[in-house]
Amino acid sequence: MTMLEDPLFAAPTQWSAPADSTASAGTWPTGYPQGYAVVDVETTGLARDDRIVSAAVYRVDARGEIEDHWYTMVNPERDPGPVWIHGLTSEVLEGAPLFADIAEEFAAHLADRVLVAHNAVFDWSMIAREYARAERTAPVRQRLCTIALSKELGLPLANHKLETLAAHFGVVQRRAHHALDDARVLAEAFRPSLHAAAEGGVRLPLLECLPLTEWYDGRDRAPAGRIGRQSGYRPGGWRPSRRFPPCPYPNPGRYEPGRPLRQGMRVAFSGDTSVERELLEDRAVAAGLHVAGSLSRLTSLLVTNDPDSGTSKTVKARQYGTPVIDEAAFGQLLQDVAPAEGGPADGGTGNAARGGPASGARGGQTSGA
């Protein structure tokens with residue numbers, strides 16, 4: 001699609017690893033990915049039914065060296081939203097291609113690479129929803145958030161804005177909130193971050209990306225040709241609450257880092273997840289955990305990929321001192337949940353840690369947003 005040829009987007013800043021670094025010494029962590037797609041999308045808003053108005057990809061190799069870049073505007077088929085931020089008016093976007101028209105070319109720049117973005121859960125969510133609307137699948141299996149990576153590296157940043165990360169590495173931002181320039185800035189900041197991680201033996205904070213396979217289009221019936229329930233990704237910002245079978249195990253208290261989860265622990269979720277939320281909740285219930293829709297002093301653990309998001313749950317977790325872990329760590333802990341001490345709360349026979357959903361006790365579990 002359209003590649004922007006403009007002096008504004010001149011050749012990227014030249015950067016090389018320090019002479020004594022792990023990267024320059026010829027060694028590299030064997031578990032690191034073989035290539036990355038550094039992505040930025042500009043959108044009509046932040047809600048689940050908002051649309052992409054422009055997208056950019058900088059492809060970089062295993063060591064963060066830029067290979068090529070790609071950019072396109074996208075006709076969102078609706079009001080463009082915050083024009084004062086992204087600068088794309090209805091008149092400008094009128095002649096732009098629809099997402100379905102550029103989906104294949106976009107996919108070619110994402111294929112076989114880890115998606116890298118600043119606040120990657122947002123960019124991935126927007127991309128996954130656009131592909132679902134187009135009845136296609138984005139070829140992305142893992143993502144890496146540069147905010148999470150900067151935290152892993154312990155970078156001395158005043159905040160987690162892109163411009164702050166760019167300034168830390170001496171990257172010049174020429175046009176903020178233009179998808180191509182934001183992607184360039186991020187690619188240039190990602191390269192030294194990646195080398196610092198390699199030199200320090202840091203585990204990259206990779207998260208799984210599961211594509212949406214269905215899309216709710218606002219109608220009461222399922223989309224033509226689709227079988228089964230509709231996706232939980234529906235227009236609007238609220239997730240409907242779910243009722244689970246009651247947890248038969250007593251709450252053993254808070255999760256202690258470094259130790260396994262225990263049946264009966266009260267778990268709350270906040271924010272988007274790479275594994276569909278309903279599936280993640282079902283796995284937790286099947287392991288004998290109590291899925292809670294709200295957070296209280298009794299909550300054992302909060303699972304979120306964005307602990308600094310400022311949601312009511314993350315704020316309360318900080319107030320109460322509730323342990324917080326990300327989705328990847330929670331997925332590992334789910335593989336080996338310790339049995340409840342003393343058996344189910346009602347005195348019956350409990351399920352095994354990896355058994356079926358708990359049942360047969362007092363009251364039900366409710367999961368909310």
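No lab work stands behind these numbers, since they all come straight from the coordinates. Please read all numbers here as calculations on a predicted model, not as lab measurements. Methodologically, a virtual Cβ is constructed for each residue, glycine included, from the backbone with ideal geometry; neighbour enumeration extends over all protein chains shown.
Quick one: net charge around P252, please, counting Lys, Arg +1 and Asp, Glu -1 for every other residue with C-beta under 12 Å from its C-beta. List each step's numbers first, then the result.
Values: positive: R254, R259, R262, R266; negative: E256, E341.
Around P252, the surrounding residues sum to +2.
Between V116 and A37, V38, V39, L144, the built amide H atoms are under 5 Å apart, and every one of these is 5 or more places off in sequence or on another chain.
Taking the centroid of alpha carbons for each part, region 71-86 and region 29-59 are 16 Å apart. Residue separation of H168 and L46 scaled by 0.36 nm, minus their Cα-Cα distance, works out to 41.2 nm of gained length. The label-point distance for V202 and V83, in a model that sets each label 7 Å from Cα toward Cβ, rounds to 4.1 nm. Inter-part distance, region 244-317 to region 96-134, computed on C-alpha centroids, equals 30 Å.
Peptides 199-207, 286-294, ordered by how many other C-beta atoms sit within 10 Å of their residues on average, highest first, read 286-294, 199-207. The stretch between A62 and S309, if pulled fully straight at 0.36 nm per residue, gains 85.9 nm over its current Cα-Cα span. Sequentially through region 38-44, phi angles give Karplus couplings (6.51, -1.76, 1.60; θ = phi - 60°) of 7, 10, 9, 10, 9, 9, 6 Hz, Gly and Pro residues having no value and appearing as x. Potential lengthening of the chain between A329 and E94 amounts to 80.2 nm, from the contour at 0.36 nm per residue minus the alpha-carbon distance.
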